[in-house]
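Visitor: Submitted below is the structure of interest, expressed as structure tokens.
Coordinate-derived values only; no laboratory data. Source: prediction; values computed, not measured. Every residue, glycine as well, gets a Cβ built from its backbone with ideal geometry; the counts of neighbours run over all protein chains shown.
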Amino acid sequence: MPLILAATPLGNPLDASSRLKAAIASAEVIAAEDSRRFHRLAADLEVKFTARIISFFEGNESDRTAEILSLLREGREVLVVSDAGMPTISDPGFRLMRDAIAENLPTIVIPGPSAPTMAIALSGLPTDRFTFEGFAPRAQGARRTFYEKLRFEERTMVIFEAPHRILESLQDAAEIFGLDQRAAICREMTKTYEETIRGSLAELIAWAQSKEVLGEITLVIAGVSIGAEGKTTADALARVREYEGAGMDRKAAIATVAEEFALPKKLVYAAVVDANKIGR
């Protein structure tokens, strides 16, 4: 019997698929991130089940993975569900899926609601290429490093953030990408008080400063614009070198190239600093 990973509703029970309901009804063992929330979901879906419920969350994932693998080897069917969305996506399940595949155990995924894809669709930002970065770090220093590593990211970025840290996270992002960078906050998706706030990082910062932000937050930030002519940071760096070679000081050269390429000055400056570090 297989290991089944199933997506659950983000908030609205009506988003549950018929396959999810059938899997709940037929499973022998259900590994749930929070057993109380799972029981509430089953009640909302009006699904009866006979499965044994075991907890499966970040704190016990390692031990539970070994236990679930043992059940699978015995031929038991195990359904894995998280509190909301798809298991393994910033939720437990990756190690279990990896190890089950390594042992050639049968695996099935039941698709369904997913916060990253819903948020990027709601954002109005480019969807042809995007990157999901998971949760931003809690500590400010680590969070700034997190955004620093995304400084040259050209794809739309999707990030999970806690409501009580969203203001500081937006401010850290603005330090890297600039206040004019386009972004969106998707809050309480599919729930009663769902809302999407779109605008520049400056506008989102003002929104977060104006109220107590509550609920589940997904932040979407536009990728760095390289300009209509497809110029890269390497092109910008080469242009800075040209201006310096002509006698312009570095600060003026960076400002000139940033305006010429329609890039944030911080971005051009970072490219110059990084190039100097590796001796280019």
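Visitor: Could you tell me which residue of the range 137-165 is nearest to residue 267 (Cα to Cα), considering only residues that are without any contact (Cβ under 8 Å) to a residue 60 or more places away in the chain and of a type in the set (S, T, N, Q)?
Guide: Filtering the range 137-165 for residues that are without any contact (Cβ under 8 Å) to a residue 60 or more places away in the chain and of a type in the set (S, T, N, Q), the one nearest to residue 267 (Cα to Cα) comes out as 145.
Visitor: Here's a follow-up. Can you tell me which residue is farthest from residue 29 (Cα to Cα) among those in the range 45-77 that are among the acidic types (Asp, Glu) and under 27 Å from the mean Cα position of the chain (by Cα)?
Guide: 58
Visitor: State whether the residues of the range 168-183 include one that is free of Cβ contacts under 8 Å to residues at least 12 places away in the same chain and of a type in the set (D, E, K, R).
Guide: No: zero hits.
Visitor: Further question on the same structure: Here's a check for you: in the range 237-266, which residue that is in contact with a Gly (Cβ under 8 Å, 6 or more places away or on another chain) and among the aliphatic types (A, V, I, L, M) is farthest from residue 174 (Cα to Cα)?
Guide: So the residue we want is 262.
Visitor: Of all the residues that make up the range 15-38, how many are within 11 Å of residue 83 (Cα to Cα) and surrounded by fewer than 18 Cβ atoms within 10 Å (Cβ to Cβ)?
Guide: Of the residues in the range 15-38, 4 are within 11 Å of residue 83 (Cα to Cα) and surrounded by fewer than 18 Cβ atoms within 10 Å (Cβ to Cβ).
Visitor: Quick check on my filter: what residues within the range 71-91 are within 26 Å of residue 117 (Cβ to Cβ), of a type outside the set (Asp, Glu) and touching a residue at least 60 places away in the same chain (Cβ under 8 Å)?
Guide: 78, 79, 80, 81, 82, 84, 85, 86, 87, 88, 90 - these are the residues of the range 71-91 that are within 26 Å of residue 117 (Cβ to Cβ), of a type outside the set (Asp, Glu) and touching a residue at least 60 places away in the same chain (Cβ under 8 Å).
Visitor: Oh, and also: Quick one: what pairs do we get from the range 1-16, first residue free of Cβ contacts under 8 Å to residues at least 40 places away in the same chain, second charged (D, E, K, R), C-beta under 6 Å, 6+ apart or different chains?
Guide: If the second residue must be charged (D, E, K, R), the pairs left are 13/44.
Visitor: Filter the range 246-275 down to the residues that are over 32 Å from the mean Cα position of the chain (by Cα) and not hydrophobic (A, V, I, L, M, F, W, C), then identify the one that is surrounded by the fewest Cβ atoms within 10 Å (Cβ to Cβ).
Guide: Within the range 246-275, the match that is surrounded by the fewest Cβ atoms within 10 Å (Cβ to Cβ) is 247.
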